[in-house]
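The values are calculated or read from the model by the stated rules, or taken from the named source; none is laboratory data. On a predicted model such as this, the values are computed, not experimentally measured, just so you know. Don't worry about glycine lacking a Cβ; one is built from the backbone with ideal geometry, like all the others, and counts go over all protein chains shown. To get the accessible areas, we keep the full protein, side chains included, count just its heavy atoms, and leave off ligands, DNA and RNA. Shrake-Rupley method; radii C 1.70, N 1.55, O 1.52, S 1.80 Å.
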Amino acid sequence: MRVVGLMSGTSYDAIDAAAADLTVEDGTLVLTPLGMVSEPYDDDLRALLAGALPPSTTTLADVCRLDTLVGRAFADVAVRADRELCGGAAELVASHGQTVFHWAGDGRVHGTLQIGEPAWIAEATGRTVVSGFRTRDVAAGGQGAPLVSLVDLMWLRGRPGVPAALNIGGIANVTVLPRGGRPVAFDTGPGNALIDAAAHDLTGGRLAYDAGGALAGAGRVHEPLLRRLLDEPYYRRPAPRTTGKELFHRGYLRAALEGFGGLPAEDVVATVTRLTARTVADAVRPLGATELIASGGGTRNPVLTAMLRDELAGVALRTSDELGLPSSAKEACAFAVLGYLTLHGLPGNAPSCTGALGPRVLGSITPGSRPLRLPGAPAAAPASLVVRARPDRSPPPGEHTGALPAAGRR
């Protein structure tokens, strides 16, 4: 089945669409990447999003407009992905949507909101759409994140040592497979969120992010500011835990900078970059990780990756590209897998990772232009996932299969 996965993360800079061919062979889910396209949000829509996200206030009228405009933008990218990556033969679209609020408090998540009305996608593509993945996990007592942990577990189990997967988007999250214990996954804290906020604020809006780590590379870490930032209580909460730009936003950084007047912009960016690296390392080190496989936009920041290597002394740092899954497309591919599971009536969460009461089928289904006919559920969920190169391409550097833990089986 050819599936298009749509994703826009907490950096809300672009919509990524990754296409994958998904088949089950002898209990293994085989994922063949078909490519990726990406479209930046237009300036007006991005400004409207920025103006509505915490700590800003908004109106229901703006929420309605954003839900529609984001849905249309996702639809445009889905049409392009179907045409360019699937030859017009996509059978399913899985849309994560745009997270605008994650209602967390008192150590639990009470609700979550992703916008981008799927009806626009179904209407434009004619394909069935699965969307709204996070809400069911939250309703079952989970954190609603990181949902990609199930795909990580299927993909990485069986690797030597204690493998861990890291995604560095606006927020950074990890999935770790400890020896002899249950898998765990959680948000470590800010990924690019505070780096982007510092680059924007300290350049008067000239830069939206620290391209290539240029600012951080020209600065020095300010240790007193780093210590203040590391005092954040979130880092001491037990897993599973989740966070977002409801906490780590521009106002948060401005408050942290009070009393540190006159710091060069480069030093501030270097400091929050070190913060991301330090909090990731502090999160995975107690779990005994021996290998960290990174993906997401943060992997394109060489200063951040150098700081990660420094903080993770003794832990091998690789990118998902080395295992055949493009790091920029990994999350979109993961939601393609989750959409596939939903359509087949299979759970898409890993309870030990999200904290949910048990496995749940995630999301809602919006029919396309044809009558909705759901495929029959297999006798058992695929127990592993393998990434396989397309026949017309060279094989990936490290094709790997891993098994799904019992907690994630139905």
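Would you pick out the residues in the range 60-84 that are out of contact with any strand residue (DSSP E or B) (no Cβ under 8 Å at 6 or more places or on another chain) and open to solvent by 20 Å² or more (accessible area, probe 1.4 Å)?
Listed by number, the residues that qualify are LEU60, ALA61, ASP62, CYS64, ARG65, THR68, LEU69, ARG72, VAL79, ARG83.
I need the full set of residues from the range 350-377 which are of a type outside the set (Ser, Thr, Tyr), under 28 Å from VAL79 (Cα atoms) and within 23 Å of the chain's Cα centre (by Cα), in order please. Before the answer, list the steps.
Taking the range 350-377 and keeping what is of a type outside the set (Ser, Thr, Tyr), we get 350-351, 353, 355-363, 365, 367-368, 370-377.
So of that shortlist, the ones also under 28 Å from VAL79 (Cα atoms) come out as 361-363, 365, 367-368, 370-377.
If the condition is that a residue be of a type outside the set (Ser, Thr, Tyr), under 28 Å from VAL79 (Cα atoms) and within 23 Å of the chain's Cα centre (by Cα), then VAL361, LEU362, GLY363, ILE365 are the ones that fit.
Residues ASP82, ASP76: which one is closer than 21 Å to HIS344 by Cβ and among the acidic types (Asp, Glu)?
On the way: ASP76 fails: closer than 21 Å to HIS344 by Cβ.
Answer to the check: ASP82.
Among all residue pairs at least 6 apart or on different chains, which show Cβ distances below 8 Å where the first residue, located in the range 12-35, is closer than 29 Å to LEU49 by Cα and the second is of a type in the set (Ser, Thr, Tyr) and not in a strand (DSSP E or B)?
TYR12/TYR41; ASP13/TYR41; ASP13/TYR209; ALA14/TYR41; ILE15/TYR41; ASP16/SER328
Just name the residue that is nearest to ALA332 (Cα to Cα) out of those in the range 285-306 that are surrounded by fewer than 21 Cβ atoms within 10 Å (Cβ to Cβ) and of a type outside the set (S, T, N, Q).
First, pick out the residues of the range 285-306 that are surrounded by fewer than 21 Cβ atoms within 10 Å (Cβ to Cβ): 285-288, 290-291, 300, 302, 305-306.
In the following step, the residues that additionally are of a type outside the set (S, T, N, Q) were identified as 285-288, 291, 300, 302, 306.
On the way: ARG285: 27, PRO286: 29, LEU287: 27, GLY288: 28, GLU291: 23, ARG300: 17, PRO302: 23, ALA306: 25 Å.
Per the criteria, the residue is ARG300.
Suppose the filter is of a type in the set (Ser, Thr, Tyr), surrounded by fewer than 20 Cβ atoms within 10 Å (Cβ to Cβ) and over 30 Å from ARG157 (Cα atoms); does THR57 pass it?
Taking the combined requirement at face value, the residue satisfies it.
Determine whether the range 324-345 contains at least one residue that is out of contact with any strand residue (DSSP E or B) (no Cβ under 9 Å at 6 or more places or on another chain), buried (at least 18 other Cβ atoms within 10 Å of the Cβ) and among the hydrophobic types (A, V, I, L, M, F, W, C).
no
What are the residue pairs meeting all of these: first residue in the range 137-151, first residue β-branched (Val, Ile, Thr) and at pLDDT below 95, second residue open to solvent by 10 Å² or more (accessible area, probe 1.4 Å) and in a helix (DSSP H, G or I), Cβ atoms under 7 Å, and 6 or more apart or on different chains?
Pairs found: VAL148/GLU331.
So, in the range 162-191, how many residues would count as being in a loop (DSSP other than H, G, I, E, B), of a type outside the set (Val, Ile, Thr) and within 17 Å of ASP282 (Cβ to Cβ)?
Residues flagged as in a loop (DSSP other than H, G, I, E, B), of a type outside the set (Val, Ile, Thr) and within 17 Å of ASP282 (Cβ to Cβ) within the range 162-191 amount to 2.
Being open to solvent by 20 Å² or more (accessible area, probe 1.4 Å), assigned to a loop (DSSP other than H, G, I, E, B) and of a type outside the set (Gly, Ala, Ser) is the filter here, so list the residues in the range 192-219 that pass it.
ASN192, THR203, ARG206, LEU207, TYR209 - these are the residues of the range 192-219 that are open to solvent by 20 Å² or more (accessible area, probe 1.4 Å), assigned to a loop (DSSP other than H, G, I, E, B) and of a type outside the set (Gly, Ala, Ser).
What helices (runs of 4 or more DSSP H), lying completely within the range 88-161, carry at least 3 residues that are open to solvent by 30 Å² or more (accessible area, probe 1.4 Å) and out of contact with any His (no Cβ under 9 Å at 6 or more places or on another chain)?
Values: elements: 118-125, 133-139, 149-156.
The helices (runs of 4 or more DSSP H) meeting that bar are 118-125, 133-139.
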